[in-house]
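Notes follow once the structure below has been shown.
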Amino acid sequence: MGRPRTVSDTEILKAARDVFVEHGPQAPVSLIAERLGVSHAALFERVGTKEELLLSALHPGAPPGVERLGAKPPAGRARDTLVEVLKELMTFFRHVLPNLIVLRAAGHSMADLPPQAEAPPPVALRRSLARWLERASASGALPPLRSWAVAEGLLGAIEAHCFNGYLGGTAFAPGNDDAFVRKMVEGLLGRPA
């Protein structure tokens, strides 16, 4: 008889996320175990309850690019840096949007997840972006702006674009990420000088 397969926590969470996104929160844990090639009992020994597994697997984690928003906006590259960070966030939102929908379908919200920061992720992200925009504007790297409104506009547009794409594919969210983000930045900040 062969040795039982060992799977990492990362593999377990990925398989669980994939199963919950594909089949909904009612998906049996046995389907996750089957995908991992382990027994149902062995999986439960590792993850505790199905509820704990669901919450861990669907936790969105910290959005990328936030550490760059804490840095000084680069003179001459502020617009490009903003576009890069927003494109990273689009990729992140596309990945976590199904998680959040399944989480909500299971009767949970992000408030049920362990906190990662002083504020819920959407609020913390908006604050970080608004502060960065304010610093970039004050240094002359970006034109004068209302930082909170621009941050809300940019992030809201990106979230809506990802949501529409999730619902209806490219017919609901046409264009590529780079062109979309650049249009949003130009629309809210004006054309570069």
Going by a ≥ b ≥ c, the root eigenvalues of the Cα gyration tensor, does the chain fall in the rounded group (a/c under 1.5), the prolate group (a/b larger than b/c) or the oblate group?
-> prolate
For the range 61-106, just say rounded, prolate or oblate: build the C-alpha gyration tensor, square-root its eigenvalues into a ≥ b ≥ c, call rounded for a/c under 1.5, and beyond that prolate if a/b exceeds b/c, oblate if not.
-> prolate
Quick one: among Gly175, Gly165, Gly24, which has the greatest mean-square fluctuation in a GNM of the chain with alpha-carbon springs under 10 angstrom?
-> Gly175
With a ≥ b ≥ c from the Cα gyration tensor eigenvalues, square-rooted, and the rule rounded for a/c under 1.5, otherwise prolate when a/b > b/c and oblate otherwise, the range 112-189 is oblate
Taking 0.36 nm per residue of separation and subtracting the Cα-Cα distance, what length does fully extending Arg146 through Glu51 add?
-> 30.0 nm
Express in nm, to one decimal, how much length is gained between Ala111 and His95 on full extension, taking 0.36 nm for each residue of separation and deducting their alpha carbon distance.
-> 3.9 nm
Work out, step by step, the length gained on full extension between Glu84 and Ser139: first 0.36 nm times the residue separation, then minus their alpha carbon distance; give nm to one decimal.
-> 17.8 nm
Using a Gaussian network model of the chain with C-alpha springs under 10 Å, which one of Arg94, Arg126, Arg77 is most mobile by mean-square fluctuation?
-> Arg77
Would you calculate, for the chain, the mean residue ellipticity at 222 nm contributed by helices, counting each DSSP H stretch of 4 or more residues as -39,500 (n - 2.57) and dividing by all residues, to the nearest 500?
-> -21000 deg cm²/dmol
Among all the lysines, which ones have a C-alpha under 26 Å from Lys50's C-alpha, if same-chain residues fewer than 8 places away are not counted?
-> Lys14
Exposure proxy check on Lys87, Lys72, Lys14: fewest-to-most Cβ neighbours within 10 Å is Lys72, Lys14, Lys87
Pop a pseudo-label 7 angstrom from the Cα along the beta-carbon direction at both Lys183 and Lys72 and give the gap in nm to one decimal.
-> 3.6
May I ask you to list, by number, the DSSP H helices of the chain whose Cα span along the axis is at least 30 Å and whose average Kyte-Doolittle hydropathy reaches -0.5 or more?
-> 78-105, 147-168
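Read-outs: derived from the displayed coordinates by stated rules, not from any lab. Treat the numbers as computed from the prediction; the structure is a model and nothing was measured. Counting neighbours? That spans all protein chains shown, and the Cβs are built from the backbone with ideal geometry, glycine included.
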